[in-house]
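The values are calculated or read from the model by the stated rules, or taken from the named source; none is laboratory data. This structure is a prediction, so every number in the text was calculated from the model and none was measured. For neighbour counting, all protein chains shown are included, and Cβ atoms are generated from backbone atoms with ideal geometry for every residue, glycine included. Surface areas here come from the heavy atoms of the whole protein model, side chains and all, with no ligands, DNA or RNA. Shrake-Rupley method; radii C 1.70, N 1.55, O 1.52, S 1.80 Å.
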Amino acid sequence: TTLEGACRPTHFRGVTTVVSKLFTIVLPHVALFGRKDFQQLAVITRMTADLNLPVEIVGMPIIREDDGLAMSSRNVYLSKQERQQALAIYSSISHAAERIRAGLDVQSATTLATRTLMALGFKVDYVTVRNAETLAPPQHRDEPLRVIAAAWLGKTRLIDNVPV
């Protein structure tokens, strides 16, 4: 009901239905999912545990272009100018993660990243920090954290995330 769930209310219900059916048909021992869609990875990991499915879910690294933009089939919809602007999403969330590691509070770091993106023409759905295992808001600095963002640039919706 939060983040992607709020933006796309039925999306994860569909994802979990399809993936659970696939797992029960194929009976894999291991399934690899990219970390680019970090929320989907977390939801599938949780679903697999909740249903006691004997599948090891492995998160694979985000593949990035040489300039840092996360590879995505959606990138082809970006104009040449938007493609250059799109680099700001990775840059802004990376800076937010660095600031949090340096001691800045989470709210200030994400607000700064959001404002930066908005100033560059993005329509921001969210920039947030969540527990990397549960997607819950962080309770303390010692837990594994992830900066997660979704924003529109023109007609293209971009998502990205980085560890803190």
Residues (open to solvent by less than 70 Å² (accessible area, probe 1.4 Å), under 16 Å from N161 (Cβ atoms) and not in a helix (DSSP H, G or I)) located in region 27-45: F33, G34, K36, D37
Which residue out of T24, T48, T17, T2 is polar (S, T, N, Q), surrounded by 11 or more Cβ atoms within 10 Å (Cβ to Cβ) and assigned to a loop (DSSP other than H, G, I, E, B)? T2
Candidates T111, T156, T128, filtered to the one that is surrounded by 13 or more Cβ atoms within 10 Å (Cβ to Cβ), hydroxyl-bearing (S, T, Y) and free of Cβ contacts under 8 Å to residues at least 60 places away in the same chain: T111
Looking at I57, I89, I93 in this structure, which one is buried (at least 19 other Cβ atoms within 10 Å of the Cβ) and more than 16 Å from A151 (Cβ to Cβ)? I57
For region 60-86, name all the residues that are polar (S, T, N, Q) and either in contact with a Ser or Thr (Cβ under 7 Å, 6 or more places away or on another chain) or open to solvent by 40 Å² or more (accessible area, probe 1.4 Å) (or both). S73, S79, Q81, Q84, Q85
Go through region 45-70 and give me each residue that's in contact with a strand residue (DSSP E or B) (Cβ under 7 Å, 6 or more places away or on another chain) and either of a type in the set (S, T, N, Q) or modelled with pLDDT under 95 (or both). T45, T48
